[in-house]
1. If the Cβ limit is 7 Å and pairs must be 6+ apart or interchain, which residue in the stretch 93-114 that is in contact (Cβ under 8 Å) with a residue 40 or more places away in the chain and buried (at least 20 other Cβ atoms within 10 Å of the Cβ) pairs with which residue that is polar (S, T, N, Q) and not in a helix (DSSP H, G or I)?
2. Check the stretch 116-127 and report whether any residue there is free of Cβ contacts under 8 Å to residues at least 40 places away in the same chain, part of a helix (DSSP H, G or I) and more than 30 Å from Leu87 (Cα to Cα).
3. Among (1) more than 30 Å from Arg42 (Cβ to Cβ); (2) surrounded by 17 or more Cβ atoms within 10 Å (Cβ to Cβ), there is one condition Ala129 misses while meeting the rest; what is its number?
4. Among the residues in the stretch 155-163, are any closer than 24 Å to Glu107 by Cβ and of a type in the set (Ser, Thr, Tyr)?
5. Quick test for you: out of Ala146, Ala157, Ala165, pick the one residue that is surrounded by 15 or more Cβ atoms within 10 Å (Cβ to Cβ) and in a loop (DSSP other than H, G, I, E, B).
6. Please go through the stretch 207-237 and give me each residue that is in a helix (DSSP H, G or I), surrounded by 15 or more Cβ atoms within 10 Å (Cβ to Cβ) and among the hydrophobic types (A, V, I, L, M, F, W, C), ordered by number.
7. Look at the stretch 188-228 and say how many of its residues are β-branched (Val, Ile, Thr) and over 23 Å from the mean Cα position of the chain (by Cα).
Amino acid sequence: MPDTPARKSRTSRPAVASPRPATLPLAARAGPPLSARAAATRQRILDAALAEFAEKGLAGARVDEIAARAGANKRMLYAYFGSKEELWLTVLERAYAAKRAEERAVEVEGLAPERAMARLVAFNLRYTARHPEFVVLLNQENIHRAAYLRRSEDVPALYSPILEALRGVLARGAEAGVFRAGVDALQLYISILALGHFYVANRHTLSTIFGAPLDTEAALAAREAHITEVVLGYLRP
């Protein structure tokens, strides 16, 4: 049985500035069920695209190379995704969705505020270290000024559950007197992201400059302890 496209390409979307009607999340708009063969082909293309984009960025990636990595042909790639740019957006959406799925599993409600905050800080650093390709995708999308992410029909679903968890931990900590009141949760969230993202994104150059490997478990543990103390020190009354 031949493979069938999962859904229509998004290349016919209106321009970024134009209003869009509300749409279903990614998982709910994947189209009719695929055969096992078709689903496997589509997944191989996505995996190959992630590897190619992580190595070469959007501009440097080539459809021929992605198809070759996937063991597929360009015809199937275009049938599923329409263009390299649409494939990039799908890969980007899936990368965000994967991180958000793990964020939802981080349990902090039953922990004391300081331990809960430490867990949130550690999660972000550890996830970023495990997925350096996510860092590359974000860096690339920022080079394009989020032009593709703004086209995503799934941006509302990409909102981080960690931010809401952070607000709850801050409120509990302030009530218990272990955190100072009036902390801007969004600003703190961005700072936590930055403390992990910068380290992973620049680990190779920093390792070279300082003559110390920063991608070992020992180095990562030291970084985790440091940024946890930075955040908790900022929050203390």
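1. Close Cβ pairs satisfying both conditions: Glu93/Ser152.
2. Checking the stretch 116-127: at least one residue is free of Cβ contacts under 8 Å to residues at least 40 places away in the same chain, part of a helix (DSSP H, G or I) and more than 30 Å from Leu87 (Cα to Cα).
3. (1) is the only condition that Ala129 fails.
4. Within the stretch 155-163, one or more residues are closer than 24 Å to Glu107 by Cβ and of a type in the set (Ser, Thr, Tyr).
5. Ala146
6. Within the stretch 207-237, Ala219, Leu220, Ile227, Val231, Leu232, Leu235 meet the criteria.
7. Result for the stretch 188-228: 2.
Throughout, read-outs are computed from the coordinates displayed, never taken from laboratory work. As the structure is a computational prediction, the values presented were derived from the model and not from experiment. Please note: Cβ atoms are built from the backbone with ideal geometry, for glycine as well, and neighbour counts cover all protein chains shown.
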